[in-house]
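Chemist: One structure follows; several queries about it will come next.
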Amino acid sequence: MSLFDAFRFDGKRVLVVGGATGMGAAAAELAVSAGAEVVVMDFAEVKLSGVQGIHVNLADAASIDAAVTECGGRVDVLLSCAGVADGTPGIEKINFVGHRYLIDRLLADGMLPRGSSIGFISSAAGLGWEGNLPELQEFLAVTDFDAASKWAVEHDKANYMFTKQAVCAYVASQAMPLLKQGIRINAICPGPTDTPLAQSNKETWLGFGTDYRAEVGTQPSTPLEQAYPLLFLCSDAARAINGITLLADAGYFSSGISGSFPSATPIAKFMMGRA
């Protein structure tokens, strides 16, 4: 045993929701490498070897129920990674409502024991959620699966930005009640990351911040580079960290807010609600 073992996942069971591709797949592979028993749920086919694959449709409560039953057992770490882009039917369910429903099911079934942790993938698009908190709280108060979806659609909030803000607000609001049960919850907010989803929205998603990356000599993140902080937040090494949304954008927004990269200042202030 060494002090570094707190960063590992030996003897832990990790459930990755949305782990077939992109950042979720990288997180699943990293968890295996770190010693975990890994279960991957996804709508797409799970091709990673050495894991248990379970089909799930986050837009369908019955599918989530069946997936949780098939998973069974304890879940020491839940990585909520699935997400879709604007224009996808049921985006409000896939990006948030379904994830919350799955967490509620795990809690109700006693599958998240004391000492477990939850890690969400939000987005830089979720920044500035604090300025929209009253409306987000109204949405979060609607806990029924179908009613929450209906609320988002009727309020014209079934979109990528609002669902990612909902993730951030949910993480913050659940930090205390979940910790009372011995469970931590955190999220990462990735900047541009070269995933299949980003490639399908390349001009908007991977085009963002190109001037900054040219200035500092970097490229968009790889999925693995985002998986590292996600897994860290769910490791025993991060026991003091709870209820945060960690911005993993190579410093773009900080440089904009501070004025060290003035070209980013307007968008950073707008996105972070500091305009």
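The values are calculated or read from the model by the stated rules, or taken from the named source; none is laboratory data. Note that this is a predicted model, so its numbers are computed, not measured. With ideal geometry, Cβ positions are generated from the backbone for all residues, glycine too; neighbour counts draw on all protein chains shown.
Chemist: Go through the stretch 244-275 and give me each residue that's among the aliphatic types (A, V, I, L, M) and more than 22 Å from the chain's Cα centre (by Cα).
Modeler: Ile257, Ala264, Ile267, Ala275
Chemist: Going through the stretch 169-220 one residue at a time, which ones are under 19 Å from Met271 (Cβ atoms), of a type in the set (D, E, K, R) and either under 17 Å from the mean Cα position of the chain (by Cα) or at pLDDT below 90 (or both)?
Modeler: Glu203
Chemist: Can you tell which of Phe261, Phe208, Phe232, Phe270 is among the aromatic types (Phe, Trp, Tyr) and either surrounded by fewer than 16 Cβ atoms within 10 Å (Cβ to Cβ) or at positive phi (or both)?
Modeler: Phe270
Chemist: Considering only residues of the stretch 235-250 that are surrounded by 18 or more Cβ atoms within 10 Å (Cβ to Cβ), of a type in the set (Gly, Ala, Ser) and part of a loop (DSSP other than H, G, I, E, B), which is modelled with the lowest pLDDT?
Modeler: Ala250
Chemist: Answer with yes or no whether Arg114 is out of contact with any helix residue (DSSP H, G or I) (no Cβ under 7 Å at 6 or more places or on another chain) and basic (Lys, Arg).
Modeler: yes
Chemist: Scan the stretch 153-168 for residues that are farther than 11 Å from Gly243 by Cβ and assigned to a helix (DSSP H, G or I) and report the count.
Modeler: Final tally of qualifying residues: 10.
Chemist: If you check Ser254, Ser235, Ser258, which single one turns out to be farther than 29 Å from Arg184 by Cβ and not aliphatic (A, V, I, L, M)?
Modeler: Result of the check over Ser254, Ser235, Ser258: Ser258.
Chemist: Then there is this: Is it true that some residue in the stretch 203-214 is touching a helix residue (DSSP H, G or I) at 6+ places or on another chain (Cβ under 7 Å) and within 23 Å of Ile103 (Cβ to Cβ)?
Modeler: No.
Chemist: Filter the stretch 20-45 down to the residues that are in contact with a Lys or Arg (Cβ under 9 Å, 6 or more places away or on another chain) and among the acidic types (Asp, Glu) and list them by number.
Modeler: Glu37 - this is the single residue of the stretch 20-45 that is in contact with a Lys or Arg (Cβ under 9 Å, 6 or more places away or on another chain) and among the acidic types (Asp, Glu).
Chemist: Answer yes or no: is there a residue in the stretch 2-20 that is of a type in the set (A, V, I, L, M), surrounded by fewer than 18 Cβ atoms within 10 Å (Cβ to Cβ) and more than 17 Å from His99 (Cα to Cα).
Modeler: yes
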